[in-house]
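Working notes, beginning with the structure itself.
Read-outs throughout are calculated quantities, based only on the coordinates presented, and are distinct from any laboratory measurement. What you see is a predicted model; the values in this text were computed from it and never measured. Here Cβ is always computed from backbone atoms with ideal geometry, including for glycine, and neighbour counts include all displayed protein chains.
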Amino acid sequence: MTDAPVPARYYPPGGDAHGHPVRLAWEAGSLLILRDDGPTLRAPAVTLAVEARGFNHEQWALSWPGGDHAPHLLIVADREAAPLKQVAPTLFRQGERYRRAGRRRLSAGLALLLLLPVLLIGLLLLSLEPLADRVVEHIPPEVERQIGEAMLLRTRAEGPMIEDGPAEAALQAIAARLTRPGEKLDFHLARRPDINAFAAPGGVVVVNSALLQAARNAEEVAGVLAHEIAHVTLRHSLHQVARSAGLRLIAAAVLGDYGGISGWAAQLGELKFSRDAEREADLHALDRLIEKGIDPQGLPAFFETLARQQAAGNLRPPVLFSTHPATAERIEALRANLAGRPQVAATPIGIDWEAVRAALATP
Ligand SMILES: [Zn+2]
């Protein structure tokens with residue numbers, strides 16, 4: 001006999017679905033079902049089938065044959081079943097095995113459920129770059145310009161710009177030679193000690209004064225500008241901003257509000273392009289220089305100038321076009337490409353470069 005009766009619910013064969021509250025006891029190899037509202041039932045152990053039930057297998061279903069092929073059924077909570085397990089352990093043994101297997105299945109299921117968001121986020125991150133690239137195709141030109149303007153604003157905030165004088169005039173003259181009809185490009189000269197230039201989305205090109213000072217002539221500068229323009233027209237800059245913005249950009253595209261993006265883009269440091277993007281920009285630069293009747297040798301010549309200056313120790317290594325590696329390989333690729341093209345007559349840009357350098361030397 002069990003020490004304390006075990007509470008359970010009893011479902012008679014063909015009876016109601018709610019069940020009757022009963023108490024269970026064990027006596028001489030039989031289960032006694034003590035009913036408040038009816039006679040006590042007795043189910044011999046041999047007739048009993050015991051199964052774990054419920055979402056987390058926290059219940060036991062005890063059944064035995066009844067009339068009309070429907071069994072008698074008892075539902076017992078696992079936490080209440082201890083006294084029964086104690087007196088009739090064999091009854092629950094088979095069920096316990098199922099219970100443990102069921103629990104293992106359940107915990108595997110739960111683990112998968114918990115893992116799912118992690119997997120989804122992983123997938124999302126993997127697809128973020130291609131997604132950002134696709135969003136770029138839909139960014140309106142005025143948003144592109146806003147981003148460029150924001151980046152220019154930041155450059156202005158970081159240090160002085162050169163708004164007039166021979167160097168600024170020289171930059172605009174070279175830019176005018178390079179610009180195709182209908183193109184909207186803005187060139188700005190920043191007074192900075194590092195030899196660099198960058199292209200922001202929307203056609204904003206910023207050139208540092210040190211670059212003009214390092215160049216030996218206008219054709220070398222034209223080569224660099226043509227390269228930067230290529231980054232703009234190939235939308236490398238916009239793609240780079242988009243990839244850095246990632247989810248931010250996708251959210252902006254979904255909401256149709258890019259307002260936050262330009263402000264955010266302004267916080268970005270220098271845009272870094274892939275080697276493929278650099279090679280592509282180099283070749284497009286040569287196309288433009290030739291098309292505009294400018295000596296295309298200026299581009300490789302400028303990289304050689306940089307390499308020479310660096311070798312002579314005139315340049316601090318970190319500032320040397322960190323985003324534009326002037327490798328020997330790159331110079332060679334440019335020269336080889338030019339060797340394969342028909343020679344065309346170039347019209348010299350005709351700017352007194354010594355005067356430009358002198359103007360920049362006096363602040
Ligand atoms: Zn570049």
Residue separation times 0.36 nm, minus the C-alpha to C-alpha distance between Asp276 and Val87: what's the value? 60.3 nm
Residue-ordered couplings for the stretch 289-306, obtained by feeding phi - 60° into the Karplus form 6.51 cos²θ - 1.76 cosθ + 1.60 and rounding to whole Hz (Gly and Pro as x), are 4, 5, 4, 8, x, 9, 4, x, 5, x, 5, x, 4, 5, 5, 5, 4, 4
Long-range HN-HN contacts of Leu31 with modeled amide H, under 5 Å: Ala43, Ala45
Can you tell me the alpha carbon radius of gyration of the stretch 6-103 divided by the globular rule-of-thumb value 2.2 N^0.38 Å? 1.01
Positive-end residue, the stretch 6-103 charge dipole about Cα centroid, Cβ charges, pick of Pro12, Thr47, Gln59: Gln59
With r defined as the distance between the Cβ atoms of Asn337 and Leu114 and R0 fixed at 45 Å, what FRET efficiency is calculated, to the nearest 0.05? 0.25
So, with points 7 Å from each Cα along the Cβ direction, the Leu153-Asp133 label distance in nm works out to 3.1 nm
